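Beneath this line is the structure, given in C-alpha cells, with notes to follow.
The values are calculated or read from the model by the stated rules, or taken from the named source; none is laboratory data. Predicted model only: the values in this text are computed from it and were never measured. Methodologically, a virtual Cβ is constructed for each residue, glycine included, from the backbone with ideal geometry; neighbour enumeration extends over all protein chains shown. Calculation scope for accessible area: heavy atoms of the full protein, side chains included, ligands and nucleic acids excluded. Shrake-Rupley method; radii C 1.70, N 1.55, O 1.52, S 1.80 Å.
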Amino acid sequence: AQSVTQLDSQVPVFEEAPVELRCNYSSSVSVYLFWYVQYPNQGLQLLLKYLSGSTLVESINGFEAEFNKSQTSFHLRKPSVHISDTAEYFCAVRKNTGTASKLTFGTGTRLQVTL
Amino acid sequence: DVKVTQSSRYLVKRTGEKVFLECVQDMDHENMFWYRQDPGLGLRLIYFSYDVKMKEKGDIPEGYSVSREKKERFSLILESASTNQTSMYLCASSPLSGGGNQPQHFGDGTRLSIL
C-alpha cells in the first residue's frame, strides 16, 4: 500500500516570500502524484499533477512541484506567495496500475499568508 | 466544467438517527467516492463505487453504507449516527477512462454534526 507524509501541518509566511510545502510518499509500484488545494469552506481543487515525462510540473497560478524519484518526494513551491494563496494543501498519490484505483492523501498543510 | 453537488452544506442530527448524505455529479463519471475530513488526519476514504450498484470499502467503512442506484448519484448512509461521526464529508467523482491519471473532482462538502 502507498502512503503520503506531509511533515508540516502549518506554514506561516509573509506575502511575496517564497514557500515550499513538503510531500514524501512511499509505494512499491510507480505512482501518479497530485497536489490539491482547499480554500476555506470549499471542496478540494486540483492544483497540479505528475503523470510522466518532465519531472517539473506547473500550475496556472504560479505553483510548481518537482517529482524526485530517488527521494520519493513531490514538494510544492511558489517563488512569491499572495494573500489569496492562504488555504490548505493536500498531496495525494495513486498507483499507476492502468485501472482506476484509490487516492491516498496526506494530512494536509495549512498555508497562512500574512502582510 | 464538472459539477459535483452535495445536497447539504451543514447538517445537524441526533445520535441514533439514520442519516443520508447525497451527492450528484453531472459529467457521466463512472467512479464516485466518499471521504471524511478531520483536522490532522487529512482525507480518509469511506467507500467508493466504480459502477451502478457496485461498491467497494475504503479505509474506514465501519458505521457507514452507500447506495448507487443511478450513475450520477452516490449516497452515503449513517445507519445509526454517533458523535464520533461528526465531521466534514466530501464526495468526489472521476472518469474511468485513462486509469489512475484522471483527477478526482470534489463537491464543497457537508459539515455534519451529531449531537
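A straight line joining the Cα centroids of the range B:74-115 and the range A:3-72 runs 22 Å.
Taken along the Cα-to-beta-carbon direction at a fixed 7 Å, the label points for A:Ala1 and B:Lys71 span 3.2 nm.
Largest first, the extents of the alpha carbon coordinates of the protein assembly as shown on the three principal axes equal 48, 41, 32 Å. Take every DSSP beta bridge whose two residues both sit in chain A; close to 90 percent of them are antiparallel. Loop-resident trypsin sites (Lys or Arg not before Pro) (DSSP state other than H, G, I, E or B) in the range A:7-115 with no more than 14 further Cβ atoms inside 10 Å of their Cβ: A:Lys69.
Based on the Cβ-Cβ distance from A:Asn61 to B:Ser80, what FRET efficiency comes out when R0 is 45 Å, to the nearest 0.05? About 0.55, to the nearest 0.05.
Interface size, chains B and A: roughly 1800 Å² of accessible area buried, both sides included, 1.4 Å probe, rounded to the nearest 100.
Taking amide H atoms as placed 1.01 Å from N in the peptide plane, the amide H of A:Leu48 lies under 5 Å from those of A:Trp35, each 5 or more residues away in sequence or on another chain. With a Förster radius of 25 Å applied to the beta-carbon distance between A:Gln10 and B:Glu62, the computed FRET efficiency rounds to 0.25. Think of the range B:1-76 as a dipole: +1 on every Lys or Arg Cβ, -1 on every Asp or Glu Cβ, centred on the Cα centre; then among B:Gln6, B:Ile46, B:Val19, B:Val19 lies furthest on the positive end. In the full protein context, chain B carries 48 Å² of accessible surface per residue, based on a 1.4 Å probe and ignoring ligands, DNA and RNA. Dipole magnitude for the range B:1-112: computed about the Cα centre from +1 point charges on Lys and Arg Cβ and -1 point charges on Asp and Glu Cβ, it is near 300 debye. Mean per-residue shielding of peptide B:104-114 is 3, counting Cβ atoms of other chains within 10 Å of each Cβ.
With 30 Å² as the minimum drop in accessible area between chain alone and full protein complex (1.4 Å probe), the qualifying residues in the range A:44-83 are A:Leu44.
Over the protein assembly as shown, with every protein chain in place, what whole percent of the accessible area is carbon and sulfur at 1.4 Å, could you tell me? Each step should come with its number before you reach the end.
On the way: 5500 of 11110 Å².
Within the protein assembly as shown, the accessible surface is 50 percent carbon and sulfur.
Scaling the Cα radius of gyration of the range A:36-96 by the globular reference 2.2 N^0.38 Å produces a ratio of 1.16.
Looking only at Cα atoms, what is the convex hull volume of chain B per residue, in Å³? Could the numbers behind the result be given before it?
On the way: hull volume 11.3 nm³, N = 115.
Enclosed volume per residue, from the Cα hull, is 98 Å³.
For the cross-link pairs B:Lys3/B:Lys53; A:Lys49/B:Lys55; A:Lys95/B:Lys55, the ones whose C-alpha atoms lie over 25 Å apart are A:Lys49/B:Lys55.
Sparsely packed loop sites in the range B:1-110 (the trypsin sites (Lys or Arg not before Pro) outside DSSP H, G, I, E and B with at most 11 other Cβ atoms within 10 Å) comprise B:Lys3, B:Arg9, B:Arg14, B:Lys18, B:Lys53.
The distance between label points at B:Arg9 and A:Ser30 comes to 4.3 nm (points 7 Å beyond Cα on the Cα→Cβ vector). Legend: Rg and Dmax of chain A, from Cα coordinates, 13.7, 45 Å. For the range B:1-41, the convex hull drawn through the C-alpha positions has a volume of 130 cubic angstrom per residue.
Stretched out fully, how many nm does the piece from B:Val52 to B:Asp38 gain, at 0.36 nm a residue minus the Cα gap? List each step's numbers first, then the result.
Numbers: separation 14, 0.36 × 14 = 5.04 nm, distance 2.84 nm.
Contour length minus Cα-Cα distance gives 2.2 nm.
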